[in-house]
Amino acid sequence: MAPPVLILVRRGEDPRKCTVRPLRGDPGLDFLPYPLRQRPDLSLHLLLAPDAPPLTPADAGRPLLLLDASWRHAATMRRAVEPVEARSIPPGWRTAYPRRSKIHDDPGTGLATVEALFAALCTLGFRDDSLLRFYPWRDAFLDLNRDRLPPP
């Protein structure tokens, strides 16, 4: 059984660009608006963050925490949930999300939130292609990462 996932969604983000919002209501996925009114207990969670040690199958028993916002807002959101242990998506995963920022640089290895969720669960041994059912770049993402995918 896949670990529970808590997703903090920054108010003010363009809902048309949100890759995980269509998954609201899916079992095992909880969404909270940010800024937080009350900080939840995150002592058992693993935050997905690009600058952390890689996630491994040994982390499979821990709930995941994802921050859903543009890269420039994610740092502020991260400070609001600290201290929380963090893990990154293992190297090699590639994004299919077409970035268009003319103002801010995105990390070269940064994934869209739904891509990160999918990659994290694959790493933990829980491939769930249904997470990508609303993602317009689903086929391109799966093709780019074909060598990293466990069997469905």
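The values are calculated or read from the model by the stated rules, or taken from the named source; none is laboratory data. Predicted model only: the values in this text are computed from it and were never measured. Glycine gets a Cβ as well: all are built from the backbone with ideal geometry, and neighbour counts include every protein chain shown.
What the table shows:
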item: Every residue from the range 121-152 that is aromatic (Phe, Trp, Tyr) and within 17 Å of Pro54 (Cβ to Cβ); result: Phe126
item: Residues (of a type in the set (S, T, N, Q), at pLDDT 80 or above and over 20 Å from Leu44 (Cβ atoms)) located in the range 78-107; result: Thr95
item: The one condition in (1) of a type in the set (A, V, I, L, M); (2) modelled with pLDDT of 95 or more; (3) farther than 25 Å from Arg133 by Cβ that Ala75 fails to fulfil; result: (2)
item: Flag if Leu111 is modelled with pLDDT of 90 or more, within 11 Å of the chain's Cα centre (by Cα), closer than 30 Å to Pro151 by Cα and surrounded by 12 or more Cβ atoms within 10 Å (Cβ to Cβ); result: yes
item: Extreme residue, surrounded by the fewest Cβ atoms within 10 Å (Cβ to Cβ), among residues of the range 134-152 that are in contact with a helix residue (DSSP H, G or I) (Cβ under 8 Å, 6 or more places away or on another chain) and within 19 Å of Lys17 (Cβ to Cβ); result: Phe134
item: Residues within the range 7-30 that are buried (at least 18 other Cβ atoms within 10 Å of the Cβ) and under 17 Å from Leu121 (Cα atoms), tallied; result: 5
